[in-house]
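A.B. asks: The structure is given below, and queries will be raised subsequently.
The values are calculated or read from the model by the stated rules, or taken from the named source; none is laboratory data. As the structure is a prediction and not an experimental result, all values here were calculated from the model. Cβ atoms come from the backbone with ideal geometry, glycine included; neighbour counts cover every protein chain shown. Ligands, DNA and RNA are stripped out before the accessible areas are found, and what is left, the full protein with its side chains, is counted by its heavy atoms. Shrake-Rupley method; radii C 1.70, N 1.55, O 1.52, S 1.80 Å.
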Amino acid sequence: MHRLVQGDVGSGKTVVSFLAAHAVIQNGYQAALMVPTEILADQHYKNATILGQKFNFKVGLLTGRMTAKEKAEVYEKLKTHEYDLIIVLMRLFKTR
């Protein structure tokens, strides 16, 4: 499923995104939350990690400041389903 959550600041986009991701994870799939800035990626990663501990899912982070080795480790953990939710900086997401 591909969804874009759009709205004003404070309208609940993050809550809706986390709820949708949790539903996806509960059904055995992985979810990605794409964010426009590194600061927002860090904030969402911290919040998602807290939720992940409470609801038993693993969260990963993929940002531009990571080294090639760190990114490779994240990709490997995604492939092996070690991460259920990945927070990713939008500019790193490439479509073909």
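A.B. asks: Let me spell it out: the conditions are (1) more than 19 Å from TYR83 (Cβ to Cβ); (2) out of contact with any Lys or Arg (no Cβ under 8 Å at 6 or more places or on another chain); (3) open to solvent by less than 60 Å² (accessible area, probe 1.4 Å), and VAL9 meets all of them except one. Which number is the exception?
C.D. replies: Unmet for VAL9, out of (1) more than 19 Å from TYR83 (Cβ to Cβ); (2) out of contact with any Lys or Arg (no Cβ under 8 Å at 6 or more places or on another chain); (3) open to solvent by less than 60 Å² (accessible area, probe 1.4 Å): (3).
A.B. asks: Still on this structure, I have one more. Does any residue in region 4-20 that is within 15 Å of MET34 (Cα to Cα) come within less than 6 Å, Cβ to Cβ, of a residue that is open to solvent by less than 50 Å² (accessible area, probe 1.4 Å) six or more places away or on a different chain, and which pairs are these?
C.D. replies: Listed pairs, sorted by first residue: VAL5/SER17; LYS13/GLY7; SER17/LEU33.
A.B. asks: Next up: Could you identify the single residue in ALA32, ALA41 that is open to solvent by less than 30 Å² (accessible area, probe 1.4 Å) and either free of Cβ contacts under 8 Å to residues at least 60 places away in the same chain or under 12 Å from the mean Cα position of the chain (by Cα) (or both)?
C.D. replies: The unique qualifying residue is ALA41.
A.B. asks: Keeping to region 30-55, report how many residues are part of a loop (DSSP other than H, G, I, E, B) and at pLDDT 95 or above.
C.D. replies: Total satisfying the criteria: 1.
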